[in-house]
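A short worksheet on the structure shown next.
Computed from the coordinates by the stated procedures, all read-outs in this text should not be read as laboratory data. Here the structure is a predicted model, which is why all the values come from computation and not from measurement. Cβ sites come from the backbone with ideal geometry, for glycine too, and all protein chains shown count toward neighbours.
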Amino acid sequence: MNSLLGLLIAAPLLGAAVLLLGGRFVDRVAPVLGSALAGLSFVLGAILFSNLLGKPASGRAIDSDLFTWMHVGTFKADAAFHLDQLSMTFVLLITGVGTLIHIYSIGYMAHDEKRRKFFGYLNLFLAAMLILVLADNYLLLYVGWEGVGLASYLLIGFWQHKPSAATAAKKAFLVNRVGDIGLAVAVFLMFTTFGTFTFQGILHPSVVSSAGQGKATALGLVLLLAACGKSAQVPLQSWLGDAMEGPTPVSALIHAATMVTAGVYLITRSSAIFNAAPTAQLAVVCVGAVTLLFGAIVGCAKDDIKKALAGSTMSQIGYMILAAGLGPIGYVFAIMHLVTHGFFKAGLFLGAGSIMHAREDEVDMRKYGGLWKKMPWTFATFGLGYLAIIGFPGLSGFFSKDKIIEAAFAKGGTEGWILGGAALLGAAITAYYMSRIMVMTFFGKPRYTTKAEGGTSPEAHESPAVMVAPMVVLAVGSVFAGGFFSLGSRFLHWLEPVTGHSEGHSPVSTGVLTAATIVLMLLGMGLAWFQYGMREVPAAAPRSIWPVRLARRDLGQDDFNHAVFVRGGTRFADGLAEFDAKGVDGAVRGVAGAVGGGSSRLRKLQNGYVRSYAFSMFGGAVLIVAATLFMRAV
Amino acid sequence: MSFPLLTVTAAVPAAGAVITGALPAARRGAAKATAMGFALATLVLAAVVTGRFRPGGAQYQLTESHSWIPAFGVRYQLGVDGIAVVLVLLTAVLLPVVMLASWHDADLPAEGPKDKRRPAGAFFGLMLAIEAMVIIAFEATDVFLFYIFFEAMLIPMYFLIGGFGQKYEGRRAAVGDSADESSVRRSRAAVKFLLYNLLGGLVMLAAVVALYVNAHSFSVPALQNAHLSTTAERLIFLGFMFAFAVKAPLWPLHTWLPGAMGESTAGTAVLITAVVDKVGTFAMLRFCLQLFPGASAWATPVVLVLAVISILYGAILAVVQKDIKRLIAYASISHFGFIILGIFALNSRGQSGATLYMVNHGISTAALMLIAGFLISRRGSALIADFGGVQKVAPILAGTFLVAGLATLSLPGLAPFTSEFLVLLGAFEHTPAIGVAAVVGIVFAALYVLVLYQRTMTGPVKDGVTALKDLKVREIAVVAPLMALLLFLGVYPQPVLNVVNPSVGHTMSALHKQDPKPTHPVAEAINGGSR
Amino acid sequence: MNPVNYVYLAALLFTIGAAGVLIRRNAIVVFMCVELMLNACNLAFVTFARMHGGLDGQIVAFFTMVVAAAEVVVGLAIIVSVFRTRHSASVDDANLMKL
Amino acid sequence: MTALQLLAATGSQNASTGEAVQFWVLAVVAVCGALGTVLMRKAVHSALCLAATMIVLAVFYFAQGAYFLGVVQIVVYTGAVMMLFLFVVMLVGVSSADSLKETLKGQRVAAVVCGLGFGILLIAGIANAKLNYFAGLGSANAGGNPEGIARLIFTRYFWAFELTGALLITAAVGAMVLTHKERIEKRKDQLDLARERVRKGEHVTPLPAPGVYARHNAVDIPALLPDGTPSELSMLPVLRERGQERDVSGETVHRLAELESLTDRHLGREPKATYRPGKRPALPGQGGGEALAAEPDRPEIEGGETS
């Protein structure tokens, strides 16, 4: 089993190596090869899963120590993997959704001449993501952490000829790097405090508490910084919207289902640290609550279907972070929501991709409308995902989100009311913006003219089977996963040995909360239907009041970043360059100039007359004799 | 008497330099082949040295010692420790690669008057001369011997910078300045390089004399036991440190580097930053720390702050550079900040990391600079603004450039990450604030690399780039070993660390320092034994 | 009389010679003054040899003479060739080194 | 054993009275010679003064027991080196004297001041050194001075001696290289010279020969131009430089005028033509020649005929 663990990562890594280095020779087999290796890794994951299930609940872990990576003095970093229930969950999600999206991409990217590279990058992403979740220490986790960042960079910027794509890729990588500072500092702090940074070594309540709450809080905060970067949480959220420049399968896999949830994984994995640091937990829930509203509001205002979905992703991850910040009450539900979100959000993105595929990469929802007749499969799968995400009773989102809202209220006190209120409000807004998307895309009259009708748009058509099939699978997951997990608290029992769990006591009864959620959801749907279903959707965004305009501009996040970091930074850097040329180098040149000026005066002593030089020599000799005599006399 | 392996390792490139330089100018091919042969022979010898070196054995191995100037106790004394071994090997590996990359750089220029043309033999001979001097500087265990070669390597370097500029295939781009202007700027850069380093060397000479006056010996092993007064130790330390800080270069003594790297050929720039400057950081480890442990500890706060300034300053300035080579030069300043940070963290993580960093930086900068050189020579311009969309027309070039760039920004999985991590960890162990400040540098590193990549490689294909050719076989042969090394050392740096660690242990004992212990060590009972 | 007077005489001759080098412009005379200085040194050497009771001083004086002879040969050759090109034996006229 | 040898041999604080007398007399000569070297305007005089000083020094060497050196001083220095100097002085221009005007501002004063200072310092230093005991050369010169020196040269100073040999050879070669003038163009023959003259347009004819009216054709007398003034071209420049020129033009013209007035008187006409420099007689050469030939007792005739 240990070697299977290595193989699990090696399969996509091999795929990446072959596809990226293979050159034109592997061009033709690239889609199949990439998908097959992703599938292989899923199969291996499934085998490992069955193996884990065969073990007693407390001992469900597989370790694999490959080699010593770095060893200096007492510092020892191993390339070692640790598979437990938490990482198993992620492995299945990553490889499962990953495989589906590989298959989808065979259709989606069929006409792209660089698809060999695309599949190579996807495989690279899978490998890095697997390293991230399988690492048995924080340093190796960091490797995966940056590895997925790289894959994300490469895939966002996949269409490099578009300047917007290249800029978005760069932005994503940079913002992530800011978060990486947190993870790096966390590793340093762990090593200087505990002398190790393995999960087994540190993640133990008594170990963390031995360092004192101050250290634990510091660790928690830097880890939160890392999580914010990777999971697009406020204040490092700005990259996710731009990341939609990448091909849609990428958005589905990386920027919806897997990579962006790494922050949730990190916090859940480090539960021992956060449990010992209430202040850090408070920061986590604040970030989660703010982001879930932030993302939801942004999602309401976007006309670009992918950006609207990106706002939704941000919001949903806010839910997860919120849950993870609640402590043992919420860890399991955070992960559960993560998994269900993985299904329905991937499904939604693939649906969006399918529409774009049909509409020649048109992303403006105002130019959609009435697509349900032309794309029935897409409509069905997208609709199921839609119902799941808004928490329609019985579907996945209902189970996972409801639990999080409950847990938020169970936090107790004013805090609980605020957080719970935010979560409830978020649910209502989710229903609104998702219904908006649904209505604008599939219902109403078509707001475009096809070429046959003398317009510019192509006739919409259903996507090929290779694309539809993954969407169907994901739709099935969106419908049933939540129920399956909740049945007999299966998921809870599965994860509890890793994350721990404590039942909270909500000040409001569960039934009331569920009812309130459903009512709010219906309100949101109704509002959206009223706004977009009842009347004609204008083809261009109308001028609106300032909150809407602000939301369209991502609540001013980019304006802020641009004003403070980009422009301020540029000015600072230019000033520094000026300083380097005039100040540092100027000082040096000033000295040179002074020497030059002095010597051009002294130069006049060099009058070219040999007798003058001889006189200097003689004068010098006189001085030396005088000095010698003087010294002897003294 | 045993076979003088170290002497031979340095003598072979020296002989090669003489022979290559003496070949008639017309025999260009012969000169190149000869130079390459000698460089490869040196590589073999360096490999033998590495093989014969026993990590964990005596501090200095393969020693040779002969009296040279008995009146001043100067000895011709060679010996290598683990740090020197890896750096000798690095030098020997880089030289053939750089030569292969510069294969046509010294050919007759396509334009320009005949009398300005210089023979290829001189170009490659100078490179070999630098290699010989650098190797002997790494091997010297006598301060005076080291000093001589530390200074002497300036001479061939000066001629390399001043004599051979960037060569362009075909015409220069109209946007650049004329050949004459660039020639003037080049000779000014060469003079600046020379003056800076001569000044450093001069200060060091005074310190060397003072060292002899105070300790009556030049031999490093003997000096380690010498007792100096605190004042003398600090003053001599400052003299040495100044020279090494110029060479390294450390802020604010860095301004010679961008010019020297920007105006010379890509191969020369690699030699400057990846080979010659390494002597400075190496000497900090061997001389500053081992001979003046007290003064080193005394100066550490200032040096660490300067190193952090170098890291951030170099990285920020790299972002706003308009010239690719100057950008890489500023990036190097940032990286040297990391190396110095590691050295003066005064713990084994920092020092092992710094040594590893020297190796990794040598490889990654060589890769980045040489590929940039290929790019520049194709386009006829080094200005970033003249590029755009290269990846569309030259995907292999762009891909390797990206890998080298990612190595430069220390992406995990590529070599520089391991060393940068160790260095930062060492700095954090020394002073957390310094460590955190230095970590911020990784964001700027990402910024300058990605901005460079974005502006040159992505976007729509610009005019003048459309006809750019992808890498040729020779160039792939240059890049491939570097890429392989980057990957290998990124995944498995332990072979290097195994050689370096015992020597760092010696340095640590010379410093009378021990690694800081964790404040709250994980109890054995919970940890279940250290993994 | 104390033989140290020879040394005084040598010092005097040396000084006169040195002043002559500085004052005179004719290269040949300058040369003669240099010879005068060398001779003064020789006298001092011979006197010192007498003082120490050894012949080493005389040997040094001998070598001085040999070297002086060589110097004269080359120096005069230079003067002649300078005169040929510049038609002047004045040291002030040979000032091409002037900026 | 001469008296001088005896004097030198005794190791004592004081030299003998004889030596003292000799010293005081010759020291004055030496210093005068040195001053003369510096102060004489003409290089030849300087050289002679220097030679005098050198000879005095040679005597002092003898007096101090350095016989070999004394001989070398006379033979090599005074003989060879000084003769070389004189040779060069002659080559370069014996008459050239330094002009008294100092070109470098303050150089002369500064040199004198510096020299004085240096001298005072040296003498003070020597006085300070308390050089009282003189060992003398008695034992060192016991086997003969040249033999002693030879022993040292060929033993202890052997290598230095060999090196001086090399030095001398190098110096000789160097001097030859320096003074050797490579002929880089074809030597001009008569035809070339004539062509050159024609091309330049001056002195198309050969230069006038010296001498006047065949009576004064000695090389030191310039030929006269038709107007009676002397032609510089007909003289060797060296002679004119030395001031050995004999200008007879005034005399000749005067005599011509005399002759004409005599003729006028003889023909019984008004003496209208007196000598005026600008006015030329119709055929002065012919008439003059006859007239002068008639003069029997001119002392110049003999000189003229001899040349």
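Rounded to the nearest 20, the size of the Cβ-charge dipole of segment A:442-545 about its Cα centre is 320 debye, with Lys and Arg at +1 and Asp and Glu at -1.
Among beta bridges identified by DSSP and lying wholly in the protein assembly as shown, the antiparallel ones come to about 95 percent. For A:Asp136, B:Asp81, the sequence from fewest to most other C-beta atoms within 10 Å is A:Asp136, B:Asp81. Within segment A:401-521, the ratio Rg/Rh, alpha carbon atoms throughout and Rh by Kirkwood, equals 1.15. Its Kirkwood hydrodynamic radius, worked out from the mean inverse distance over all distinct Cα pairs, puts chain A at 26.5 Å. Hey, how much of the P(r) for chain B falls beyond 29 Å, as a percent of Cα pairs? Here the tail beyond 29 Å accounts for 49 percent of pairs.
Relative to one another, the C-alpha centroids of segment A:547-565 and segment B:4-83 are positioned 62 Å apart.
Cross-link partners of D:Lys200 among lysines, defined as those whose alpha carbon lies under 17 angstrom from its own and excluding same-chain residues fewer than eight positions apart: D:Lys188.
Its convex hull of Cα atoms gives segment A:26-125 a direction-averaged projected area, equal to a quarter of the hull surface, of 8.4 nm². A dipole drawn for the protein assembly as shown from +1 and -1 charges on Cβ atoms has a positive end, and of A:His161, B:Thr42, A:Gln85 the residue lying farthest that way is A:His161.
Our estimate of slack between A:Leu605 and A:Lys582, defined as 0.36 nm per intervening residue step minus the Cα-Cα distance, is 5.0 nm.
Taking each DSSP H run with n ≥ 4 as -39500 (n - 2.57) and averaging over every residue of the protein assembly as shown yields -22500 deg cm²/dmol at 222 nm. Pairs A:Lys117/A:Lys162; B:Lys278/B:Lys472; A:Lys306/A:Lys445: which exceed 27 Å Cα-Cα? The pairs that break the limit, which is 27 Å between Cα atoms, are B:Lys278/B:Lys472.
Free of any trypsin sites (Lys or Arg not before Pro) that DSSP assigns to a loop and that have at most 13 other C-beta atoms within 10 Å, the longest stretch within chain A is A:29-372.
In loop segments of segment B:1-90 as defined by DSSP, the trypsin sites (Lys or Arg not before Pro) with at most 15 further C-beta atoms inside 10 Å of their C-beta are B:Arg27. A Cβ-based charge dipole, computed about the Cα centre of segment A:154-542 with Lys and Arg at +1 and Asp and Glu at -1, lands at about 300 debye. Two decimals is fine: what is log10 I(q)/I(0) at q = 0.14, 0.24 Å⁻¹ for segment C:4-87, from a Debye sum with one equal scatterer on every Cα and no solvent? Cα-only, vacuum Debye calculation for segment C:4-87: -0.54, -1.09. Per-residue 3J(HN,Hα) values for segment C:20-34, derived from phi via the Karplus relation 6.51 cos²θ - 1.76 cosθ + 1.60 with θ = phi - 60°, read x, 4, 6, 8, 6, 10, 5, 4, 5, 5, 4, 4, 4, 5, 4 Hz in sequence order (x marks Gly and Pro). For the residue pairs A:Lys230/A:Lys403; A:Lys114/B:Lys462; A:Lys345/A:Lys374; B:Lys192/B:Lys462, the alpha carbons lie more than 27 Å apart in B:Lys192/B:Lys462. Distance from the C-alpha centroid of segment B:378-433 to that of segment A:569-634: 43 Å, rounded to the whole angstrom. For B:Asp323, list long-range residues whose amide hydrogen, built 1.01 Å from N in the peptide plane, is under 5 Å from its own amide hydrogen. It is B:Ile384, by chain and number. Look at the dipole of the protein assembly as shown built from charges on Cβ: of A:Val363, A:Val566, B:Ala26, the Cα furthest out on the positive end belongs to A:Val363.
Would you kindly give the portion of the calculated P(r) for the protein assembly as shown that falls above 60 Å, as a percent of all Cα pairs? I get 43 percent for the Cα pairs in the protein assembly as shown exceeding 60 Å.
Computed from Cα atoms alone, the Kirkwood hydrodynamic radius reported for segment A:562-633 is 17.1 Å. For chain C, the Cβ-based charge dipole about the Cα centre amounts to some 240 debye (Lys, Arg positive; Asp, Glu negative; other atoms uncharged). Partners of A:Lys604 within straight-line reach, counting lysines whose Cα lies under 20 Å from its Cα and excluding those fewer than 8 residues away in the same chain: C:Lys98, D:Lys105. A straight Cα-to-Cα reach below 22 Å connects D:Lys130 with none of the lysines, residues fewer than 8 places away in its own chain not being considered.
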